[in-house]
Amino acid sequence: MAANNSDSIQEELGEGGVGVKHEAEEEAEGAPSSAAQATATTMLPRSSSRPQLDLSGAAIHGTLEDRNPTILLPNQSDDISHLALDIGGSLIKLVYFSRHAELSTEDKRKISTKRRLGMFNGGRRSYPILGGRLHFVKFETGKLNECLDFISSKQLLRGGVDSPSWRSGAQPDNIVIKATGGGAYKYADLFKERLGVSLEKEDEMDCLVSGANFLLKAIRHEAFTHMDGHKEYVQIDQNDLFPFLLVNVGSGVSIIKVDGHGKFQRVSGTNVGGGTYWGLGRLMTKCKSFDELLELSQRGDNSTIDMLVGDIYGGLDYSKIGLSASTIASSFGKTISENKELSDYRPEDISLSLLRMISYNIGQISYLNALRYGLKRIFFGGFFIRGHAYTMDTISFAVNFWSKGEAQAMFLRHEGFLGALGAFMSYEKHGLDDLRVHHLVERFPMGAPYVGGKIHGPPLGDLNAKISWMEKFVQKGTQIIAPVPMGVPATTGMGGFERPTSKGDILRSDASAALNVGVLHLVPTLDVFPLLEDPKTYEPNTIDLDQDEFKYWFKVLSDHLPDLVDKAVASEGGTDDAERRGDAFVHAFSAHLARLMEEPAAYGKFGLANLLELREECLREFQFVDAYISIKQRENEASLAVLPDLLMELDTMNEEARLLALIEGVLAANIFDWGSRACVELYHKGTIIEIYRMSRKKMQRPWRIDDFDMFKKRMLTDRKDQPYKRALLFVDNSGADVVLGMLPLARELLRHGTEVVLVANSLPALNDVTANELPEIIAEASKHCGILRKAAEAGGLLVDAMAGIQDDLKDAPESVPLMVVENGCGSPCIDFRQVSSELAAAAKDADLLILEGMGRALHTNLNARFKCDALKQLAEVSWFICTQLDEETCIRRMIRPMYQETSYHICDSLEQDN
Ligand SMILES: CC(C)(COP(=O)(O)O)[C@@H](O)C(=O)NCCC(=O)O
Ligand SMILES: [Mn+2]
């Protein structure tokens with residue numbers, strides 16, 4: 001216990017095509033499973049999959065009364081924009097927005113809690129932002145028909161299945177969609193003819209700039225540098241963003257000086273761009289697609305084609321001007337002196353030589369323009385780059401070399417979608433003006449992160465299609481089980497550009513059509529936790545998930561998979577359908593792991609918190625609603641049965657002994673963690689209660705870090721009457737953890753006049769108790785305890801759990817309330833930059849935080865500093881760190897080998913005693 005104080009899936013649709021990225025297919029349209037339906041009322045927008053279930057459910061079965069527009073759809077109107085296009089010479093980029101299903105799910109407890117927290121505003125719309133998801137999809141312009149089919153199959157012109165215009169039966173005839181790029185002119189008639197819609201043209205430069213500005217403002221890890229094969233995300237300071245140079249490399253290249261929102265000037269450009277590479281490449285190599293050409297370059301050797309300094313200087317460097325022998329003196333220069341035909345050269349070498357020539361040229365021209373305007377930062381976007389390591393390294397090298405390190409080349413994860421995003425932003429009512437970083441959660445559904453076997457087929461329409469695709473993928477694709485290790489970066493010579501350092505045998509997924517772009521979930525109900533001491537410097541992850549660290553977690557998570565999938569399948573009744581979904585889940589999650597193993601930065605800056613959440617999201621993607629449901633229920637029942645005895649025992653103690661016993665109890669009960677192998681092995685050795693008792697015996701002081709005396713003084717001496725006004729208890733697991741650990745502690749705080757807010761997960765994660773499950777548990781516990789009963793009544797919990805909403809609070813009994821709020825997460829960890837608005841509201845009056853568990857207090861938030869007292873507790877290491885914590889000592893002790901070791905240690909010693 002520690003404290004601080006303030007103190008797809010890319011499918012190739014046709015031969016060799018660039019294909020379409022089907023992360024858009026994330027919206028499962030299939031009917032929810034029975035378990036999914038049963039819990040549909042507990043769903044929240046944070047998850048990618050829950051709202052999907054709600055989405056179809058709402059349209060088909062839902063009623064408007066079930067919904068709560070106050071929270072989720074404040075700006076809803078019939079003319080909401082949801083689709084914008086950028087139709088370029090080579091590719092069509094689509095950005096579309098699908099709204100979240102509203103909370104048919106908004107349950108009465110939440111309304112009641114919100115009232116108490118002063119959040120209920122009588123139905124007025126309080127959130128300016130529309131909740132939903134922003135999808136990024138692209139098609140080859142040559143396959144325009146596929147794009148048109150996609151738009152109509154997804155009902156994008158109707159705003160999706162729950163669109164108001166659809167409900168009201170509006171026809172698409174008078175629908176106008178925003179479009180930019182030359183194709184907006186060229187194909188306007190075709191759109192009208194095929195879809196009956198008009199394209200409203202938006203200026204391309206305007207769109208590029210507003211798209212880039214949006215991304216740099218709204219997405220935390222959008223920009224990155226790429227040098228010598230190494231990718232590093234750059235945190236952009238909003239107050240120091242302008243001016244910058246934006247270089248958009250599409251078919252041609254535009255160079256734009258950006259001075260602010262809507263303030264820019266196209267200062268230059270070059271006609272030697274992506275179209276040049278593809279065009280020349282196609283003529284010279286007979287490649288059928290851009291990606292094929294790019295893939296070819298991976299195996300190329302440009303020295304057979306390019307004239308190097310050494311070729312001119314007889315193998316020597318031209319050191320006087322800083323050029324090494326291997327520096328390219330003249331691209332394609334070697335071919336003039338050789339009596340060879342085109343067919344005598346390897347297509348691989350031609351492709352690499354071309355790519356290098358064009359990338360380098362773009363880098364150099366960009367640098368010259370940056371120099372012209374005194375700009376230090378150059379952002380490169382456009383589909384030419386497509387996350388391709390060699391291209392980025394070449395551009396970076398040119399910028400770095402010519403500017404002597406003064407200017408920096410940066411790349412954007414959504415590089416290809418700047419124009420489409422800008423067109424989207426040009427709708428008057430897109431509702432995203434007030435968007436903040438904390439409103440966006442990026443998800444990587446199955447289709448987004450990787451490509452593999454050349455699977456052909458129709459767009460994925462529903463869950464079944466997704467699973468079938470996964471099955472086909474497993475048969476054909478090998479990449480997901482055979483990750484490609486990163487190449488060892490080589491050195492570049494003395495200022496000259498030599499061999500590319502970052503090219504492997506296989507074209508990385510990010511280098512092909514899929515990119516590393518997930519689906520952006522806009523969740524207007526997320527907020528920054530107001531008690532963070534310094535949100536700007538806050539980093540949730542305790543350790544960096546670098547390659548080594550990732551290897552460790554790869555094994556932990558892979559080892560856990562068989563057991564997890566067994567539970568998941570059982571939780572859905574063990575049917576054939578559940579088995580099939582289970583297999584698909586395993587393959588999909590393994591594919592994510594393999595992708596990350598290959599490149600830990602593939603999905604942006606990805607920490608352990610993201611990784612653990614990805615597993616939960618992946619389960620939800622295959623409609624596993626709550627894999628641990630029966631374990632949770634069994635443990636809750638067993639623990640509730642012994643609660644009365646525990647409370648009686650505690651009540652015989654004096655205050656001081658009781659406080660210690662309570663804290664020991666919290667530490668002891670936190671051993672019930674189904675995510676830890678050591679803990680799970682232990683569960684086979686005894687009953688829940690036996691293990692709890694043993695564990696309690698082990699929790700004798702002194703703890704590894706022990707600030708109990710400080711806490712005791714605060715509670716029992718310094719502030720005897722009301723030590724704290726409001727405590728937020730971040731609960732962790734189910735069963736003993738919450739019933740025998742946290743609830744008795746909550747009871748003690750209530751006794752001292754402290755309001756208690758139990759903060760629990762919004763969505764299931766392993767065996768973590770959720771906010772929706774808590775009222776019932778509390779109701780059960782209240783049968784044996786007057787303090788809990790009165791407080792729960794005052795907090796509106798009992799009435800909710802037993803009889804429905806308590807509408808009139810005037811009659812509520814005078815008592816310190818016990819409340820429940822959801823944290824906005826569906827993971828074992830918590831990122832305090834993105835919590836539910838309900839929790840943020842509850843935090844305003846809180847002066848004590850108690851965080852427990854590995855996920856919330858160790859993997860994340862070990863280093864977090866808050867504006868009030870905060871206890872962090874971990875059973876695995878029996879910690880109790882109170883106010884004046886020596887953070888440095890604590891952090892050094894808490895690195896990974898350490899907690900693994902302690903976790904085993906405590907389990908071993910419990911077993912020996914058994
Ligand atoms: C997944 C978890 C973070 C959940 O822990 P909790 O927050 O419930 O304490 C934890 O079980 C964990 O880190 N497990 C993997 C390491 C291990 O096997 O011990
Ligand atoms: Mn847990």
Looking at region 848-859, I want the residues that are within 8 Å of ligand 2 (Cβ to nearest atom) and have a partner that is of a type in the set (D, E, K, R) with Cβ atoms under 6 Å, at least 6 apart or on another chain. Which pairs are those? G853/D732
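I need the full set of residues from region 535-583 which are polar (S, T, N, Q), out of contact with any Phe, Trp or Tyr (no Cβ under 7 Å at 6 or more places or on another chain) and farther than 27 Å from H438 by Cβ, in order please. Full working, then the answer.
Narrowing region 535-583 to residues polar (S, T, N, Q): 537, 541-542, 547, 558, 571, 575.
Remaining after also requiring out of contact with any Phe, Trp or Tyr (no Cβ under 7 Å at 6 or more places or on another chain): 537, 541-542, 547, 558, 575.
Selection gives Q547, S558, T575.
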Any residue in region 746-771 that is charged (D, E, K, R) sitting within a Cβ distance under 8 Å of a residue that is more than 16 Å from ligand 1 (Cβ to nearest atom) and part of a loop (DSSP other than H, G, I, E, B)? List the pairs, counting only those 6 or more apart or interchain. R747/C785; E755/K725; E755/V816; E755/P817; E755/D845
Which of the residues belonging to region 394-416 are under 26 Å from the mean Cα position of the chain (by Cα) and at pLDDT 90 or above? A409, M410, F411, L412
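Could you list all residues from region 730-762 that are within 30 Å of the chain's Cα centre (by Cα) and closer than 20 Å to G786 by Cα?
Narrowing region 730-762 to residues within 30 Å of the chain's Cα centre (by Cα): 730-735, 737-738, 742, 757-762.
Scanning region 730-762 gives V738, M742, V757, L758.
Please find, among G753, G735, G741, G786, the residue that is under 15 Å from L871 (Cα atoms) and either within 16 Å of ligand 1 (Cβ to nearest atom) or surrounded by fewer than 24 Cβ atoms within 10 Å (Cβ to Cβ) (or both).
On the way: G753 fails: under 15 Å from L871 (Cα atoms); G735 fails: under 15 Å from L871 (Cα atoms); G786 fails: under 15 Å from L871 (Cα atoms).
Answer to the check: G741.
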If you scan region 281-317, which residues turn out to be within 20 Å of Y360 (Cα to Cα) and not in a helix (DSSP H, G or I)? Q298, R299, G300, D301, I305, D306, M307, L308
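What number of residues within region 358-413 satisfy the criterion of being aliphatic (A, V, I, L, M) and not in a helix (DSSP H, G or I)?
Let us first name the residues in region 358-413 that are aliphatic (A, V, I, L, M), namely 358, 362, 365, 368, 370-371, 375, 378, 385, 389, 392, 395, 398-399, 407, 409-410, 412.
After this cut, where a residue has to be not in a helix (DSSP H, G or I) as well, the list is 375, 378, 385, 407, 409-410, 412.
Matching residues across region 358-413 total 7.
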Right, S630: closer than 28 Å to G824 by Cβ, of a type in the set (S, T, Y) and more than 16 Å from ligand 1 (Cβ to nearest atom) or not? yes
If we keep just the residues of region 658-687 that are of a type in the set (D, E) and within 16 Å of ligand 1 (Cβ to nearest atom), which is surrounded by the fewest Cβ atoms within 10 Å (Cβ to Cβ)? E681
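The values are calculated or read from the model by the stated rules, or taken from the named source; none is laboratory data. Bear in mind the structure is a predicted one, so any value in this text is a computation, not a measurement. We place every Cβ from the backbone using ideal geometry, glycine too, and count neighbours over all the protein chains shown.
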